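What follows is a single structure, written as structure tokens, with notes after it.
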């Protein structure tokens, strides 16, 4: 019985039909970011040895490398060294009138904080300076910067505090010292000085605008509340000169929407008016930086722009315009690299550098990549420089379902997004508030008063601020045994496409290189959850990494098939000892890509048998054998796929591969001097599926 | 050369009361300051002369040249009765400008 098959809607008699697979030529390819190690050709090894890119990466693209080495989200320590639980905050004790924290700074060997009493219509108020005590983690002592004398409905606010020459200077409203704030002077600014942070006296000498008849620059709607984001005044110690920037609030009796900048070279005895700059909101920051000509200058940051001030000429100049968002520039800071870091109301942070005269470089340093997860989005509340490469940023927490964070930004590197080309600096998690819609209002760094490094910070509470600190904030976990850690922390990796998001991989196992894991879940361990193909990364609990079990199999050993996977590792600290945390050095995922071959058929067409049994449609003046040969050659050169059927095979579409052209074994029949004859014989063909 | 900063100007029937701070020409150091009173009547030229005298007094005596108790001075000025002849605006102009003309008007 002849073997007949259909090819491109025509039929052919063949001698035999061979079916096979076209095997892929490439090896399991090396994925970007993998450390150099001996290849295991049986599996692909997806290794995470640290997360230098930090937060903000939703997906990993294994072809371009984007997101590889980054994190979707994390509450773990990932800044340097092994990944551990996040560092643990300790609550500080405040009391009495220490309800709202403004800022703290080192002065004469101690850490002094400026605190304000909670405003109440039926109670007196105060602004005080208080010292941090490491023995009891409390704030005590100090003195009253300003207060009212009796139960009067006046509000007393502190705006800023700096150390200048031999004194501590405070900018507030009202009058200096205890019991002197009245309804008349409540709406005026005042500068006070103390040489011991306990006794405060007036430093608003001649020239300072505190006339209760003409300098009523504050409305009581501002003085009689405790909003941390009321940016009414800033101080700056600029060499021999003390500067004060105060907002002449438009709702105040004598206000005119101008920021007045005043200076004193004799510790507040006499003041001069330097400049006035219009603004819809108050001064956000007053820093010692540079003018555009690269000379040193005081720089004022407002919602509308960044201005340099010339004290010598009593002029100002715009360095960089902003969009007027009232959340622009709050507590902008000069970093250790000499650049000015400015938070914007839209959530970005700008890095400005004056690299030469009239050469301003502006770079957006983040949030990097695809941005932060929804719960951590927001804008900057406070920026703090530290004596390390880390710039600390209080961020977010301004709305329901938003939790405030402290991020560490690595200012020692500038990285580039491999797909967008955008430059950024890595952001790492430092701390996150457990309750939504509570801002972190201010931070401070100090080693006072026991030479222990601490990052101090204040968060909103139900009415009062709650003060915390974290000891050894920048310590590498591998180099300290006394740092304290959170009870549990999460590490969410970006969704991994395993090299090809369009085809399934068989995901086999997860492995960790981790120290200090316990033998049971009663101690330190790491749990592994995951989700496939877009499912939440909490969908499936793979199991726990313990000291005796550092590899976990997917699918009970059979593996699981997925085109992409999201992994979540949950770090658990020892329940009883806050210093015991897992230390993860490396996380690895092993999988194989399923590169299924295309089907292939090879066969030899008998031209004579085809002409006899299943001839094609005849072409005038053309022997049928020639037509058969032409039809086969047409298939070989077709630019589209052609149909193919053999036996009960479901009709499919095939093409002739370039490396396997038809082989024709032909004879010429019936040819003589007056007749060209015709070709016949066999044609050997190979066809493959298109996909 | 000095730089004059005038602030907190109050004009009363008795005269003109204001704060005066004197800085070096480059604004880097303060020579002194205090609250001056220029008694009426005075012409514009007399006002400029008085300012010059006040400057010299601060140059010689610093913060001791003039009273510094601003609250007392403000209270006394208000008690004397406020007046507005434009002299307050004029002296604010003279804070840094030397180009005003003598209008010869008694105030």
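What to note about this one:
- Its alpha carbons give region A:360-465 an Rg and a Dmax of 15.0, 48 Å.
- Cα gyration tensor shape for chain B, rounded if a/c is under 1.5, else prolate or oblate: oblate
- Taking every residue in A:208-218 and counting other chain Cβ atoms within 10 Å of its Cβ, the average works out to 3.
- Area projected by the alpha carbon convex hull of region A:246-341, averaged over all directions, nm²: 6.8 nm²
- Averaging the sequence gap over all C-alpha pairs within less than 8 Å and six or more residues apart, then dividing by the number of residues, gives chain B a relative contact order of 33 percent.
- Mean-position separation - Cα centroids, region A:60-97 and region A:637-651, in angstrom: 57 Å
- Angstrom value of the Kirkwood radius, inverse mean 1/r, which spans all Cα pairs in the protein assembly as shown: 32.2 Å
- Relative contact order for chain A, counting Cα pairs under 8 Å that sit 6 or more residues apart, in percent: 14 percent
- Förster radius 22 Å - calculated FRET efficiency between residue A:118 and residue A:325, Cβ distance, rounded to 0.05: 0.20
- Isotropic mean projected area of the C-alpha convex hull, region A:579-691 (nm²): 12.9 nm²
- Region A:182-234-region A:407-440 distance, computed between alpha-carbon centres (Å): 36 Å
- Whole-angstrom gap from region A:2-18 to region A:341-398, using each part's C-alpha centre: 70 Å
- A helix-only calculation puts chain A at -1000 deg cm²/dmol for mean residue ellipticity at 222 nm, using -39500 (n - 2.57) for each DSSP H run of at least four residues, averaged over all residues.
- Region A:319-462: relative contact order as a whole-number percent, Cα under 8 Å and 6+ apart: 17 percent
- Using a Förster distance of 45 Å, the FRET efficiency for residue B:56-residue A:358 (Cβ separation, nearest 0.05): 0.60
- Cα extents of region A:65-110 along the three principal axes, largest first (Å): 53, 24, 19
- Ellipsoid equivalent to region A:446-599 - semi-axes via the Cα gyration tensor, in Å: 38, 18, 14
- Theoretical FRET efficiency, 1/(1+(r/R0)^6), r = Cβ-Cβ of residue B:75 and residue B:29, R0 30 Å, to 0.05: 0.45
- For chain B, calculated [θ]222 nm from helices alone, where every DSSP H run of n ≥ 4 adds -39500 (n - 2.57): -10500 deg cm²/dmol
- Length gained when the stretch residue A:639-residue A:64 is fully extended (0.36 nm per residue, less Cα-Cα span): 203.8 nm
- Principal-axis tilt of helix A:624-637 within chain A, Cα atoms, nearest 10 degrees: 20 degrees
Only the coordinates and a few stated rules stand behind these numbers; no lab work does. Quick caveat, the model's predicted, so the values are computed rather than measured. Neighbour counts run over all protein chains shown; Cβ positions are idealised from the backbone, glycine included.
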